[in-house]
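The values are calculated or read from the model by the stated rules, or taken from the named source; none is laboratory data. All of these numbers come straight from a predicted model, not from anything done at the bench. No Cβ is skipped: glycine too gets one built from the backbone with ideal geometry, and neighbour counts run over all protein chains shown.
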Amino acid sequence: MEITRENIQKPKTLAVIMSLYKSDVLEYVKLATESILNQSYSDFDFYIQYDGYVQKDVDDYLSGLKDERIHINRRDENKGLAYSLNELLRIVMPKNYDFIARMDADDISMPERFEKQIAYMESHPETECLGTWAIEIKSDGSEYYRKQMPEKHEGCWKQFMIRDCMIHPTVMFRRSYIEKAGLYSLDTYFGEDTMMWAQGFAAGCKFANVPEYLFKFRLNDDFFNRRRGWKHAKGILTLRWKVNNMLHYPLKAYLYAMAYAGAKMMPTTILNLIYKTAR
């Protein structure tokens with residue numbers, strides 16, 4: 001799908017997109033939503049997509065917010081994160097926003113996240129996809145791990161040969177990224193973000209990360225259980241083979257992919273250890 005600008009009055013500078021579904025709980029949704037509404041940078045619109053049924057207390061809370069920046073879109077059927085993000089992109093791209101930021105319904109953005117990302121974008125006009133570092137937290141909010149990503153494009157390209165170089169919900173896109181890379185892929189078992197980065201690299205987009213902890217990324221209690229097993233390992237191999245072919249990565253990238261997939265077959269205790277020590 002080709003996305004182009006429309007000759008309409010320019011809206012706010014930034015659009016924020018967030019999808020939620022039936023498993024999202026009120027406590028986390030409130031923390032996530034308030035972390036966006038209370039940003040030091042306030043020139044944005046906040047687009048929320050219901051990916052099927054959501055819990056009544058969540059809907060009551062969001063529907064009751066009196067903030068003109070909030071725009072809620074509802075759908076009865078669950079279709080997945082990539083589908084929902086594409087729906088939101090189809091809404092915001094014709095409106096001519098300069099930037100589009102991601103958010104997840106169980107994470108927390110630090111108050112200065114948008115301010116610092118936009119300042120970086122304005123001082124680095126070549127950057128089209130900008131993430132941040134993140135503090136990973138447990139379900140109870142306690143700190144688990146401090147996750148850093150490469151600051152410059154060259155480091156992002158090098159790391160992507162092994163694993164993702166962006167933390168998906170921290171990302172802010174320049175609108176030119178979506179124009180070049182397109183929408184999220186719908187033909188992956190998981191890893192729609194990985195494919196989105198691959199599409200961007202293939203299209204010649206430039207990546208970077210703000211080297212500051214501007215985000216709290218929540219690891220739910222079943223985080224490692226949902227990321228292990230034969231089906232997940234097979235999905236990783238399929239995805240990374242496609243990415244490596246797409247970007248013409250060398251042979252060692254395929255060896256990394258096999259090692260990564262093999263790790264997903266380990267017990268959760270070992271996977272937990274690998275996750276904290278091999279990044």
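Would you call Met110 in contact with a helix residue (DSSP H, G or I) (Cβ under 8 Å, 6 or more places away or on another chain) and either among the hydrophobic types (A, V, I, L, M, F, W, C) or modelled with pLDDT under 95 (or both)?
yes
Residue-by-condition table, conditions (1) more than 16 Å from the chain's Cα centre (by Cα); (2) surrounded by 15 or more Cβ atoms within 10 Å (Cβ to Cβ); (3) farther than 24 Å from Glu115 by Cα:
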{"position": "Tyr144", "(1), (2), (3)": "yes, yes, yes"}
{"position": "Lys152", "(1), (2), (3)": "yes, yes, no"}
{"position": "Lys158", "(1), (2), (3)": "yes, no, yes"}
{"position": "Met172", "(1), (2), (3)": "no, yes, no"}
{"position": "Leu183", "(1), (2), (3)": "no, yes, yes"}
{"position": "Leu186", "(1), (2), (3)": "no, no, yes"}
{"position": "Gln199", "(1), (2), (3)": "no, yes, yes"}
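How about the range 177-201: which of its residues are over 15 Å from Asp164 (Cα atoms) and among the small types (Gly, Ala, Ser)?
Ala181, Gly182, Ser185
Residue by residue through the range 231-249, note down the ones that are of a type outside the set (A, V, I, L, M) and over 15 Å from Phe201 (Cβ atoms).
Within the range 231-249, Lys231, His232, Lys234, Gly235, Thr238, Trp241 meet the criteria.
Condition test on Ile137, is it farther than 25 Å from His153 by Cα, β-branched (Val, Ile, Thr) and in the same structural domain as Ile48 (by TED's automatic domain parsing)?
The answer is yes for Ile137.
Hand me the list of strands (runs of 3 or more DSSP E) wholly inside the range 88-183 holding 1 or more residues that are closer than 23 Å to Ser23 by Cα and touching a strand residue (DSSP E or B) at 6+ places or on another chain (Cβ under 6 Å).
So the answer is 99-104, 129-137, 143-147.
Can you give me the number of residues within the range 135-170 that are among the hydrophobic types (A, V, I, L, M, F, W, C), at pLDDT 95 or above and over 10 Å from Asn209 (Cβ atoms)?
5
Mind counting the residues in the range 42-71 that are under 25 Å from Leu186 (Cα atoms), free of Cβ contacts under 8 Å to residues at least 40 places away in the same chain and either in contact with a Phe, Trp or Tyr (Cβ under 7 Å, 6 or more places away or on another chain) or of a type in the set (Ser, Thr, Tyr) (or both)?
Residues in the range 42-71 being under 25 Å from Leu186 (Cα atoms), free of Cβ contacts under 8 Å to residues at least 40 places away in the same chain and either in contact with a Phe, Trp or Tyr (Cβ under 7 Å, 6 or more places away or on another chain) or of a type in the set (Ser, Thr, Tyr) (or both): 6 in total.
Checking Glu87 against (1) under 20 Å from the mean Cα position of the chain (by Cα); (2) touching a residue at least 60 places away in the same chain (Cβ under 8 Å); (3) crowded, with 16+ Cβ neighbours inside 10 Å: exactly one of these is not met. Which one?
(2)
If Ala257 satisfies every condition in (1) at pLDDT 95 or above; (2) crowded, with 18+ Cβ neighbours inside 10 Å; (3) part of a helix (DSSP H, G or I) but one, which is the exception?
Checking Ala257 against (1) at pLDDT 95 or above; (2) crowded, with 18+ Cβ neighbours inside 10 Å; (3) part of a helix (DSSP H, G or I), the one that fails is (1).
Restrict the check to the range 48-59 and report whether at least one residue is closer than 18 Å to Val171 by Cα and either at pLDDT 95 or above or part of a helix (DSSP H, G or I) (or both).
Among the residues of the range 48-59, at least one is closer than 18 Å to Val171 by Cα and either at pLDDT 95 or above or part of a helix (DSSP H, G or I) (or both), which makes the answer yes.
Mind listing just one residue for me: the one in the range 242-253 that is surrounded by 15 or more Cβ atoms within 10 Å (Cβ to Cβ) and not basic (Lys, Arg) and, of those, nearest to Thr194 (Cα to Cα)?
In this case the residue turns out to be Val243.
Just one of (1) surrounded by 20 or more Cβ atoms within 10 Å (Cβ to Cβ); (2) touching a Lys or Arg at 6+ places or on another chain (Cβ under 7 Å) trips up Glu212, so point out which.
Condition (1) is where Glu212 drops out.
For the range 28-47, name all the residues that are assigned to a helix (DSSP H, G or I) and closer than 22 Å to Arg90 by Cα.
Matches in the range 28-47: Thr33, Ile36.
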